[in-house]
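Asker: My structure is below; once you've seen it, I'll send some questions.
The values are calculated or read from the model by the stated rules, or taken from the named source; none is laboratory data. Computed from a predicted model, the values in this text were never measured in an experiment. When we count neighbours, we look across all protein chains shown, and the Cβ atoms used for this are built from the backbone with ideal geometry, even at glycine.
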């Protein structure tokens with residue numbers, strides 16, 4: 001009986017893969033910012049935006065889009081209601097992400113992953129830096145804490161890590177300001193921003209804000225450099241880190 005020979009055909013389908021390192025994007029604190037990302041238009045578009053892991057935090061899913069709609073069930077809680085795609089431009093190969101209410105914690109490395117059946121896969125990396133724009137007068141300075149608009153459950157401002165400027169649990173009172181700082185603290189906003197007045201070189205140093213909600217705590221550090229002009233009140237320059 002003659003043997004039966006089997007012939008197996010293996011079909012290998014290769015999808016092109018493109019890696020783009022991307023550029024640095026500067027975003028302004030509390031404003032909206034566009035993180036650019038482009039791809040070759042094609043069918044069955046898939047878009048994933050991810051904040052790349054750091055030593056202290058794993059990858060954070062920010063925004064996903066496939067089957068012609070947003071998919072946000074796995075979105076990191078800190079980015080909820082703050083992200084959107086330019087829907088009318090996706091068909092043209094624009095996967096840019098709009099991030100609103102930019103916070104200092106948003107700094108970092110982001111990955112834009114795109115995929116289509118016809119054009120294959122592409123990864124673009126964006127480094128996001130957060131800049132701050134502060135109006136400084138000769139008599140007072142406002143140091144921002146966070147762009148969150150919800151009332152905080154706890155707020156602590158420290159000076160040079162050791163002195164407590166204020167420690168309060170409500171956003172509408174200055175009762176928790178320490179005795180040594182009452183002449184300098186003018187106002188505390190609902191977002192935790194601290195407005196100082198009548199500054200001198202004694203108030204030059206490092207300011208730290210701990211803004212707590214029921215879910216998370218946000219920390220912002222600012223260095224205030226006091227410059228005194230001859231015959232004029234002290235002038236403060238605020239540098240955020």
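Asker: Would you confirm whether any residue within region 57-71 is in contact with a helix residue (DSSP H, G or I) (Cβ under 6 Å, 6 or more places away or on another chain), outside the structural domain of residue 220 (by TED's automatic domain parsing), part of a strand (DSSP E or B) and touching a residue at least 40 places away in the same chain (Cβ under 8 Å)?
Answerer: Start the filter on region 57-71 by keeping residues that are in contact with a helix residue (DSSP H, G or I) (Cβ under 6 Å, 6 or more places away or on another chain), which leaves 62.
With outside the structural domain of residue 220 (by TED's automatic domain parsing) added as a condition, the list becomes 62.
Imposing the further condition that a residue be part of a strand (DSSP E or B) reduces the set to 62.
Add one more test, that the residue is touching a residue at least 40 places away in the same chain (Cβ under 8 Å), and what stays is 62.
Scanning region 57-71 turns up at least one residue that is in contact with a helix residue (DSSP H, G or I) (Cβ under 6 Å, 6 or more places away or on another chain), outside the structural domain of residue 220 (by TED's automatic domain parsing), part of a strand (DSSP E or B) and touching a residue at least 40 places away in the same chain (Cβ under 8 Å).
Asker: With the checklist (1) out of contact with any strand residue (DSSP E or B) (no Cβ under 9 Å at 6 or more places or on another chain); (2) closer than 13 Å to residue 127 by Cα in hand, flag the one item residue 108 doesn't pass.
Answerer: It fails just one condition, (1).
Asker: Pick from region 91-106 the residues that are crowded, with 17+ Cβ neighbours inside 10 Å and in a helix (DSSP H, G or I): which of them is farthest from the chain's Cα centre (by Cα)?
Answerer: It comes out as 104.
Asker: Does region 112-125 contain any residue that is surrounded by 15 or more Cβ atoms within 10 Å (Cβ to Cβ) and in contact with a helix residue (DSSP H, G or I) (Cβ under 9 Å, 6 or more places away or on another chain)?
Answerer: Looking through region 112-125, none of the residues is surrounded by 15 or more Cβ atoms within 10 Å (Cβ to Cβ) and in contact with a helix residue (DSSP H, G or I) (Cβ under 9 Å, 6 or more places away or on another chain).
Asker: If you don't mind, another one. For the subset of region 45-78 comprising residues that are in contact with a strand residue (DSSP E or B) (Cβ under 6 Å, 6 or more places away or on another chain) and surrounded by fewer than 13 Cβ atoms within 10 Å (Cβ to Cβ), which member is farthest from residue 111 (Cα to Cα)?
Answerer: Applying the filter and picking the extreme gives 74.
Asker: Where residues in region 182-191 are within 28 Å of the chain's Cα centre (by Cα) and modelled with pLDDT of 85 or more, which of them is surrounded by the fewest Cβ atoms within 10 Å (Cβ to Cβ)? Steps first, answer last, please.
Answerer: Filtering region 182-191 down to residues within 28 Å of the chain's Cα centre (by Cα) leaves 185-191.
Filter again for modelled with pLDDT of 85 or more, leaving 185-188.
Numbers: 185: 18, 186: 15, 187: 12, 188: 24.
Here the answer is 187.
Asker: Another question about this same structure. Could you say whether any residue in region 93-102 is over 21 Å from residue 60 (Cβ atoms) and modelled with pLDDT of 85 or more?
Answerer: Applying the first criterion (over 21 Å from residue 60 (Cβ atoms)) to region 93-102 yields 93-94.
Then keep just the ones that are modelled with pLDDT of 85 or more; that gives 93-94.
Yes.
Asker: Inspect all residues belonging to region 227-235 and state whether any of them is under 27 Å from residue 130 (Cβ atoms) and at pLDDT 80 or above.
Answerer: no
Asker: Being within 26 Å of residue 118 (Cβ to Cβ), surrounded by fewer than 12 Cβ atoms within 10 Å (Cβ to Cβ) and out of contact with any strand residue (DSSP E or B) (no Cβ under 6 Å at 6 or more places or on another chain), is that true of even one residue in region 80-90? Before the answer, list the steps.
Answerer: First pass over region 80-90, keeping only residues within 26 Å of residue 118 (Cβ to Cβ): 84-90.
Of the ones still in play, those that are also surrounded by fewer than 12 Cβ atoms within 10 Å (Cβ to Cβ) are 88.
Then drop every residue that is not out of contact with any strand residue (DSSP E or B) (no Cβ under 6 Å at 6 or more places or on another chain), which leaves 88.
Yes; the residues of region 80-90 include at least one that is within 26 Å of residue 118 (Cβ to Cβ), surrounded by fewer than 12 Cβ atoms within 10 Å (Cβ to Cβ) and out of contact with any strand residue (DSSP E or B) (no Cβ under 6 Å at 6 or more places or on another chain).
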